[in-house]
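Participant: Take this structure, written in structure tokens, and hold onto it; I'll ask about it next.
Values quoted throughout were computed directly from the atomic coordinates according to the rules given, and no laboratory measurement underlies them. Fair warning: this is a prediction, and the values are worked out from it, not measured in the lab. Note that each Cβ is placed from the backbone with ideal geometry, even for glycine, and that neighbours are counted across all protein chains shown.
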């Protein structure tokens, strides 16, 4: 996996523009103020907050009732309290009424659980999970409850009313009773709505955002293969698991599994989030990595141990450790960033929002876990996490955009390089082709020189020698004949260079023009039985010359030695071969004394046929001799396609 | 000696050739036919351009390799100014690829320079009698060229290539396979003279086609 460099500032961003982190900072301040105002209500009108109760244990009647202050957390009490606890509430003196039938009173329980019921004057008026089977996992503490007090059950004298809240606790879940409010229904209803929005609906919003963010990051990671997105995906999905479990009143898991998964999800969320921030800031900070991997690695064992011992203090320590790790990591990253120089605006933004989230987490830890002064009705971390998620979404979108821009730029760069390489390749290919052509030309030149040396040159030298040696008895006819032969030799060579494209019939026809006068002079009749046959790729200029030489040899033999009257030239073909046959009606192959010269000629014929890739066969023609060349058909082409046959220019 | 009906009693010959030995050879050969006359000779293109078109010659012997110009241009000029005259290309070798261009420029035949006196006289007699020399390779080149022209014929009906009749096509095909006129006549069941006529007609078509193209191109450029 690779990490992209930090995203460049978006084009058109002016240096004088107010940085986005300032705006976001102001927004966060506003959010803090809003949290503070809903968490610390300045005393509700027509309602009284109850901070004390008379607690007793119905299952242990010998245990005397005792006065307790709220919140009363069962985890902090001896083991006997972890069962069934009855809280008797004192009717506040400030709350009175004249006519019970006209009175609309209610109780607001911001946090109570994990199973509970409310009794008014001995009548049960509300319950959550009280009668559910013992193995069911009921978690009521995340939700605020508004319990109306039925007017018909109220006593005529307010002080005579008996309100009991009975709670069945669950160890490790901080069960118990928190400060609650009693008062007129209208006022408490509004307060309940506020709590519902911030606590429950806010959690659902965050769950959806977190899930979306996780899936989007996962998709981006698969597309861009950048580790940053994978870290974000794991963090966001872990957070989603935690939130989904939090807002479940009755999760489909045993309490043990619920506790383990819920706390582990939160631990991993913190751990992977720290890794993500370090990656985003492009730091390989050992401290941050060490702390993050400590949380991710040790968390599962610590939580398992906590579950095993059922000791809430262990979890409290762990929560503190997470807060400390987070704070240390963020401080370290901030310090390193400042050391490195100017921070980029996105990095400042992330640090700012992360600090805000950390602050909300620390606040919750102090108020909820350590019972510091403050309103534990609301958990600020939820809002902090939501702000962080939105910020990170924005930063990741920026990264993805930058990545796309980078890919586009790289594509353009690659296209340029490719075009350059193509041009080089084409040039190299052209050079190679030119070199090949040069080589072919050179080969052809050598062949022509050899042919001219052996044929025309030799003829001219003979003529010259004859003229020199017979100066006084020079026979003009002989000289003319020899020069004529030389000219014919030259014409034959030039004929071979004509573009005949392997057309055997035309090649033979051209040869016929050259040889026919000699046959006529010798009184030999030519029987021409040539027909079109498939073109032969072996008959290039050199091949044509070899064929001409073969035919010269054959006809010379016929004219000089065969005593023939008639020669037949025939062509035919089958699927695999083209056949050329020359037969005469002369003495035939049984001639008693075949001259060595003729033997040499036959050897030449075989050699040249071999160069043409043809098989040669001699046979008795009864009377006379026959010679057959069999040319293999390597490829066939029509005259229209003949242009594709390579030819020597 | 076979005299053609349209052959004048005295054949007038014009030689365009820079080699003086060839001139001597032609003089020598014409001794065999006292009734024929060499009415003119140009050793250069520039001389021939002025003199040859004004000559009353029936037969022009044209060398393709003139020192100051191309023989093909000379043929084109003569085919326009002397359409009835026979234009024989006088060449050392049967360079068929070049001969096709010569035919398109207006040549009606060719004679090899290496021939003897009698062969030269025979060639001139044959051409005047309506014959037309042709080699297998030349026939093949013509067949191929006319076949290649065929698509253009469809695309551009105005400048249509010469249409090759079925008989002409058969004749060309047999020539390309190496058959001589007599054998072709026998195979097709026609007279030997008819075979020559077909070939000659083909030459004329080829030249006329080229001439039409040249004139049209000249008109297009405003030269005519």
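Participant: For the protein assembly as shown, give me the percentage of DSSP beta bridges that are antiparallel, rounded to the nearest 5 percent. Each step should come with its number before you reach the end.
Facilitator: Values: 63 of 87 bridges.
Antiparallel bridges make up about 70 percent of those DSSP assigns within the protein assembly as shown.
Participant: Using 0.36 nm per residue, how much length does the chain from residue A:159 to residue A:417 gain when fully extended, once their Cα-Cα distance is taken away? Spell out each step's value before the answer.
Facilitator: Details: separation 258, 0.36 × 258 = 92.88 nm, distance 9.06 nm.
Here the segment from residue A:159 to residue A:417 would lengthen by 83.8 nm.
Participant: Order these by the 10 Å Cβ neighbour count, fewest first: A:213, A:205. Kindly include the intermediate steps, with their values, before the conclusion.
Facilitator: Values: A:213 22, A:205 16.
Exposure proxy ranking, most exposed first: A:205, A:213.
Participant: How long, wide and thick is region A:50-191, going by the Cα atoms along their three principal axes, in whole angstroms, largest first?
Facilitator: 43, 31, 24
Participant: Okay, next question. Would you mind classifying region B:12-128 by shape? Square roots of the alpha carbon gyration tensor eigenvalues, ordered a ≥ b ≥ c; an a/c under 1.5 is rounded, otherwise it is prolate if a/b is larger than b/c and oblate if not.
Facilitator: The shape class here is rounded.
Participant: Here's a follow-up. Report relative contact order for region A:50-191 in percent, whole number only (criteria: Cα-Cα under 8 Å, sequence separation at least 6). Before the final figure, lay out the partial values.
Facilitator: Details: 313 pairs, mean separation 50.3, N = 142.
It rounds to 35 percent for region A:50-191.
Participant: Kindly express, to the nearest 10 degrees and within the range 0 to 90, the angle between helix A:255-280's C-alpha long axis and the longest C-alpha principal axis of chain A.
Facilitator: Approximately 60 degrees, to the nearest 10.
Participant: Report the label-to-label distance for residue A:405 and residue A:606 in nanometres (one decimal), using points 7 Å from each Cα along the Cα→Cβ vector.
Facilitator: About 8.2 nm separates the two model spin labels.
Participant: A further question on this structure: Got a sec? Which residues in region A:334-366 would a label at residue A:372 touch, if it sits 7 Å along Cα→Cβ and we count backbone N under 12 Å?
Facilitator: From region A:334-366, the list is A:359-366.
Participant: Taking the simple approach of a point 7 Å from Cα along Cα-to-Cβ for both residue B:68 and residue A:305, what is their distance in nm?
Facilitator: In this crude label model, residue B:68 to residue A:305 measures out at 11.6 nm.
Participant: In Å and on Cα atoms, what radius of gyration and Dmax does region A:30-119 show?
Facilitator: 16.5, 53
Participant: Helix A:202-224 versus the longest principal axis of chain A: what angle, 0 to 90°, nearest 10, using Cα atoms?
Facilitator: Compared with the principal axis, the helix lies near 20 degrees.
Participant: What is the distance in Å between the Cα centres of region A:200-253 and region A:444-516?
Facilitator: Region A:200-253 and region A:444-516 have Cα centres separated by 94 Å.
Participant: Another question about this same structure. Any chance you could give the angle, 0 to 90 degrees and rounded to 10, that helix A:20-39 forms with the longest Cα principal axis of chain A?
Facilitator: Taking the Cα atoms of chain A, the angle to A:20-39 is about 30 degrees.
Participant: Still on this model: Relative contact order (percent) for region A:164-322, with alpha-carbon contacts under 8 angstrom and 6 or more residues of separation? Could the numbers behind the result be given before it?
Facilitator: On the way: 138 pairs, mean separation 30.3, N = 159.
Here the relative contact order equals 19 percent.
Participant: Further, regarding this structure: Suppose R0 equals 60 Å; then what is the FRET efficiency for residue A:20 and residue A:93 from their Cβ-Cβ distance, rounded to the nearest 0.05? Please report the intermediate quantities before stating the final value.
Facilitator: On the way: r = 54 Å, r/R0 = 0.90.
In this case the efficiency is close to 0.65.
Participant: So, one more: Based on the Kirkwood radius over alpha-carbon pairs, what value in µm²/s does the Stokes-Einstein equation return for the translational diffusion coefficient of region A:253-378 at 20 °C and 1.002 mPa s? Display every interim value, and only then the final one.
Facilitator: Values: Rh = 15.6 Å.
It comes out at roughly 138 µm²/s.
Participant: OK, next. How large is the helix-only mean residue ellipticity at 222 nm for the protein assembly as shown, computed as the sum of -39500 (n - 2.57) over DSSP H runs with n ≥ 4, divided by its residue count, in deg cm²/dmol to the nearest 500? The partial results should precede the final answer.
Facilitator: Working: 23 runs with 450 residues, N = 873.
One gets -17500 deg cm²/dmol as the mean residue ellipticity at 222 nm.
Participant: Kindly state, to the nearest 0.05, the FRET efficiency for residue B:173 paired with residue A:516, given R0 = 25 Å and r defined as their beta-carbon distance. Numbers along the way, then the final one.
Facilitator: Values: r = 20 Å, r/R0 = 0.79.
After rounding, the FRET efficiency stands at 0.80.
Participant: Okay, moving on. Please order A:538, A:481 by the number of other Cβ within 10 Å, starting at the fewest.
Facilitator: Values: A:538 19, A:481 12.
Result, fewest neighbours first: A:481, A:538.
Participant: Please compute the Cα-Cα pair-distance distribution of chain A with 20 Å bins starting at 0, giving whole percents from short to long.
Facilitator: That works out to 14, 27, 12, 8, 13, 14, 9, 3, 0, in percent per bin.
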